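The structure appears below as structure tokens.
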Amino acid sequence: MTTTSTPTPAAKAAGATADYLDQRTGIGVVVKTFARKIFPDHWSFLLGEIALYSFVTILISGVFLTMFFVPSMGETTYTGPWSSMQGVEMSQAFSSTLRLSFEVRGGLLMRQVHHWAALIFMAAIVTHMMRVFFTGAFRKPRELNWVVGFTLLILGMLAGFSGYSLPDDVLSGNGLRIADGVIKAVPLIGSYTSYFVFGGEFPGQELIPRLFTVHVLLIPALILALIGLHLLFVVLHKHTQYPGSGRTEKNVVGYPVLPVYAAKAGGFFFVVFGVIALMGATMSINAVWNYGPYDPSPVSAGAQPDWYMLFLEGSLRLMPGQAEFVTWGGYTVSANIIIPAMIVPGILFTMLAAYPFIEAAVTGDRREHHVLDRPRNRPFRTAFGVSIVVAFFILALAGSNDLIATHFHLSINDITWAFRVLIFVGPWLSFVITKRICLGLQRKDRELVLHGHETGRIVRFASGEYIEVHKPLDAHERWLRVQHEAIRPLEIEPAEDSRGVRRKGYALDRMRQRVSQVFYEDRVEPVTPAELAASHSHGEHDALEADVHEPTQVGGGSHLVEPDAETGAEGRNPQI
Amino acid sequence: MSTHDTHSHELEPHGDGTLPDRFENPGHPEHHQRLGDLDPKANKKAERQVLALFTVSVVGTIAFAVAYFALGDPTTDPTKIASATRTENLWLGLTLAFALLGIGTGAVHWAKTLMNDHEMSEERHAIASDAESREAALQALQDGAEDSGISRRGALKGAVIGALALFPITIALPLIGNIGGDWNVGKLKHTMWKKGTRLARDPSGRAIKASDVTIGSVFHVIPENLEEAEHPLDEKAKAVVLLIRLDPRDIKSEQGEGWSYDGIVAYSKICTHVGCPVALYEQQTHHLLCPCHQSTFDVADSAKVVFGPAKRALPQLPITIDDEGYLIAQSDFHEPVGPSFWERKK
């Protein structure tokens with residue numbers, strides 16, 4: 001099969017293997033299609049890769065841990081080398097975690113690698129999701145893949161929670177106790193659901209083995225399957241690319257899988273694993289031997305869940321207790337738990353999952369999009385995304401209100417009240433500010449395209465007038481700033497036809513139009529060739545060309561004019 | 001000046017004298033060659049760097065093995081176990097990191113400096129199948145349905161759906177029957193406190209005499225007979241109590257007449273919010289603070305909520321003393337302890 005005239009033995013062997021495989025699998029077609037497939041390059045595309053590789057790291061270290069961890073709540077008395085726990089009654093789960101930490105050589109490293117990798121996994125998922133959101137990578141045809149990714153986020157949270165609860169230490173035990181309290185708050189079926197989870201009363205004898213199965217079998221299997229689907233979609237859709245010269249909706253510009261991405265991505269796995277190993281080597285995490293085994297009575301102050309659960313904790317902390325009430329008939333409704341633990345996260349996550357579909361509906365856009373948006377060019381989306389991030393961030397901070405209180409010597413009650421106000425004001429304010437910043441950046445782009453870069457060169461005319469010479473953008477620089485479309489609000493047909501008969505479906509159209517106006521009313525249009533030509537003629541070219549030999553574009557001083565195209569479709573100026 | 005050329009070119013009017021509505025994509029930018037592409041020396045240097053990085057990995061792996069054997073078992077000297085474990089973790093982790101980072105950075109450096117870095121372009125095609133394939137797919141589905149005869153045989157359709165819908169019961173029934181234990185959620189409403197149960201210290205289980213409790217002191221309390229329970233941990237999760245002695249003049253209210261003994265009050269330690277142990281007591285204000293979500297209860301005033309996400313007061317355990325002066329419960333709590341649930345008042 002080799003084409004060289006004198007094949008080396010190695011090449012011969014490779015050729016024979018390839019032939020053997022192809023005759024049995026037909027893999028040649030696959031290799032032909034994918035070996036030189038093009039992927040675009042950008043640092044932000046690494047975020048998803050970090051998630052994938054930290055997951056692989058989790059699998060490797062996790063398999064190691066299962067060899068020694070005993071998922072049992074059976075009581076035992078500790079007799080191992082860690083002196084402060086000697087003679088203490090504990091579950092086998094906790095005692096085997098101590099054994100993993102002190103007696104299994106390298107076990108502590110694997111535990112710490114596993115835990116750090118889980119934190120990195122979630123951080124990578126969240127930042128990857130932010131990249132996808134803010135660049136509009138979720139648009140057609142990738143909406144379904146957004147939902148797959150969203151499901152992975154939820155599964156990642158469940159994987160993390162079920163994992164850090166396994167050692168059965170006092171910290172995670174209190175986390176489970178909180179979970180139990182939240183479950184019991186569910187109207188009608190709460191106490192039965194709690195029995196369902198715990199196999200009877202809290203904490204019972206069943207939970208750790210059950211969590212173990214969930215943590216090492218159910219959730220990883222689901223995550224693996226969904227990662228497979230997620231990547232299948234990426235291959236199917238081909239990767240999105242950032243806007244730039246030569247990049248269009250019809251092509252994908254970048255480097256081939258073989259050899260560039262095989263080396264870069266393959267190497268990057270080792271980089272991610274290596275950095276996590278470095279963290280596991282130098283940063284202690286979840287030192288359960290200091291906490292002690294779970295006991296329903298003790299608790300430590302300043303206890304925090306892992307970072308990705310903090311928002312739930314904060315949400316619970318902010319809610320005033322008065323919301324709990326007893327219905328007619330004497331049933332208790334714990335709205336003080338249902339609202340912060342189910343309704344608020346429910347709303348935030350639903351908005352996140354549904355956003356691609358909402359945006360598609362109000363944009364009325366059915367085209368495929370493969371060139372990413374610059375976040376500034378979609379002010380509503382960017383502002384909306386930022387306000388969701390801010391909401392989660394405020395809740396996460398509220399989940400650390402006790403640490404804030406002790407570090408900054410503030411009253412915990414004041415901090416809690418501040419966050420109660422902030423959770424309403426913060427997202428709104430960040431929405432307004434972000435939108436303004438986006439529009440401002442777009443105006444700056446217009447300004448640059450129309451008038452070029454400042455050069456710092458001052459030219460004096462014979463008449464005594466001074467102007468600063470501006471250097472025009474080259475075609476590539478300019479293209480980045482003019483390539484986007486400014487989406488306009490939907491236009492709909494009037495409510496009545498020419499004979500005055502009311503049209504069916506008008507109310508729905510009107511509603512879509514209203515939402516569309518909220519999204520796209522305020523906008524800055526990209527510079528058109530005609531505008532650029534017009535701005536050229538402002539400058540007194542003729543006068544300048546006598547003095548200046550370089551091809552330059554003048555502007556500045558009295559010649560710098562306001563962009564005049566920021567007018568809406570209806571001839572109104574946008575609301576600033 | 002090429003900049004100027006493209007510039008003026010794009011602003012060239014159409015034949016009819018109008019300008020285009022939008023700018024044209026200027027096409028791929030010029031490829032810039034790397035130093036290594038132009039200078040064989042730089043190229044060779046990059047190759048040596050890649051080689052060095054992979055060597056770092058090999059050295060890291062060897063160092064890992066050396067550290068594993070050289071450091072020895074950290075558990076041999078129990079007095080130094082903490083520092084020995086820390087040292088072992090540091091060395092194994094650092095050498096592992098070098099073994100991994102060497103491979104990673106080596107491969108990435110190779111790709112960036114030595115592999116062809118000419119950008120390539122590949123065409124995209126619409127995701128949707130073409131009309132013909134769609135037609136054929138639809139036809140295939142119709143043919144399949146036709147062959148099965150499912151539309152004509154209504155009874156069969158019903159039978160298949162019915163059987164498929166019912167069979168999961170065979171798995172669900174024993175699962176649901178067993179997974180919730182005995183499903184007796186009524187147990188949530190009772191604890192093991194009974195008339196005469198002595199209050200004992202947690203975790204020693206020693207009974208407490210009223211005279212041991214000085215004003216302002218706090219005791220973490222369990223029922224004396226906790227270890228006799230079938231599932232002590234389950235019982236403890238409901239029965240733990242905080243015992244506090246106040247100056248009787250400070251007590252503004254209690255949940256029941258005569259439920260305290262000489263300024264000694266006993267309240268459930270399980271937060272009425274989501275069930276954390278309410279463990280922090282502030283002597284000056286008589287406030288109990290839950291460290292999980294900061295619900296604050298006023299022990300001097302029936303343990304009512306003064307701040308935070310809890311709604312209900314901590315249930316009070318009625319106490320008194322027996323003949324020997326030990327504190328005992330008058331009865332169980334008069335309401336369910338811990339987090340609220342739907343039928344708690346039923």
| Residue identified as within 14 Å of chain A (Cβ to nearest Cβ) and buried (at least 20 other Cβ atoms within 10 Å of the Cβ) among B:Leu288, B:Leu317, B:Leu280, B:Leu327 | B:Leu288
| query | Among B:Thr79, B:Thr61, B:Thr55, which is the only one that is more than 9 Å from chain A (Cβ to nearest Cβ), hydroxyl-bearing (Ser, Thr, Tyr), more than 18 Å from A:Ser284 (Cβ to Cβ) and loosely packed, with under 14 Cβ neighbours inside 10 Å? | reply | B:Thr55
| field | For A:Ala391: the one exception among (1) within 21 Å of A:Ile437 (Cα to Cα); (2) surrounded by fewer than 20 Cβ atoms within 10 Å (Cβ to Cβ); (3) in contact (Cβ under 8 Å) with a residue 24 or more places away in the chain | value | (2)
| Taking the stated definitions as given, is A:Gly26 on the phi > 0 side of the Ramachandran plot and either under 37 Å from the mean Cα position of the chain (by Cα) or at pLDDT below 95 (or both)? | yes
| said: So, in region B:291-314, exactly how many residues are more than 11 Å from every other protein chain (Cβ to nearest Cβ) and part of a loop (DSSP other than H, G, I, E, B)? | reply: 5
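Per-residue answers, yes or no, for (1) modelled with pLDDT under 95; (2) of a type in the set (Phe, Trp, Tyr); (3) over 23 Å from B:Asp323 (Cα atoms):
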| position | (1), (2), (3) |
| --- | --- |
| B:Gly154 | yes, no, yes |
| B:Lys157 | yes, no, yes |
| B:Ala165 | no, no, yes |
| B:Ile171 | no, no, yes |
| B:Lys194 | no, no, no |
| B:Thr197 | no, no, no |
| B:Ala200 | no, no, no |
| B:Val241 | no, no, no |
| said: Among the residues that make up region A:303-319, is at least one of them over 30 Å from the mean Cα position of the chain (by Cα), assigned to a helix (DSSP H, G or I) and facing chain B (nearest Cβ under 9 Å)? | reply: no
| query | Would it be correct to say that B:Arg48 is of a type in the set (Lys, Arg) and farther than 26 Å from A:Arg99 by Cβ? | reply | yes
| In the list A:Ser95, A:Ser61, which residue meets the criterion of being of a type outside the set (A, V, I, L, M, F, W, C), in contact with a strand residue (DSSP E or B) (Cβ under 7 Å, 6 or more places away or on another chain) and in a helix (DSSP H, G or I)? | A:Ser95
| Hits in region B:202-234 - residues which are more than 10 Å from chain A (Cβ to nearest Cβ), more than 13 Å from B:Tyr326 (Cα to Cα) and surrounded by 15 or more Cβ atoms within 10 Å (Cβ to Cβ) | B:Val218, B:Phe219, B:Asn225, B:Leu226
| task | Determine whether region A:97-108 contains at least one residue that is out of contact with any helix residue (DSSP H, G or I) (no Cβ under 7 Å at 6 or more places or on another chain) and away from chain B (no Cβ under 12 Å). | result | no
| query | Can you find a residue in region A:484-495 that is touching a strand residue (DSSP E or B) at 6+ places or on another chain (Cβ under 9 Å), away from chain B (no Cβ under 14 Å), part of a loop (DSSP other than H, G, I, E, B) and of a type outside the set (D, E, K, R)? | reply | yes
| note | For region B:241-276, the count of residues that are within 23 Å of A:Thr332 (Cα to Cα), of a type in the set (Val, Ile, Thr) and assigned to a loop (DSSP other than H, G, I, E, B) equals 2
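The values are calculated or read from the model by the stated rules, or taken from the named source; none is laboratory data. Note that the structure is predicted; figures quoted are calculated from it, not measured. Positions of Cβ are backbone-derived with ideal geometry, glycine not excepted, and every protein chain shown enters the neighbour counts.
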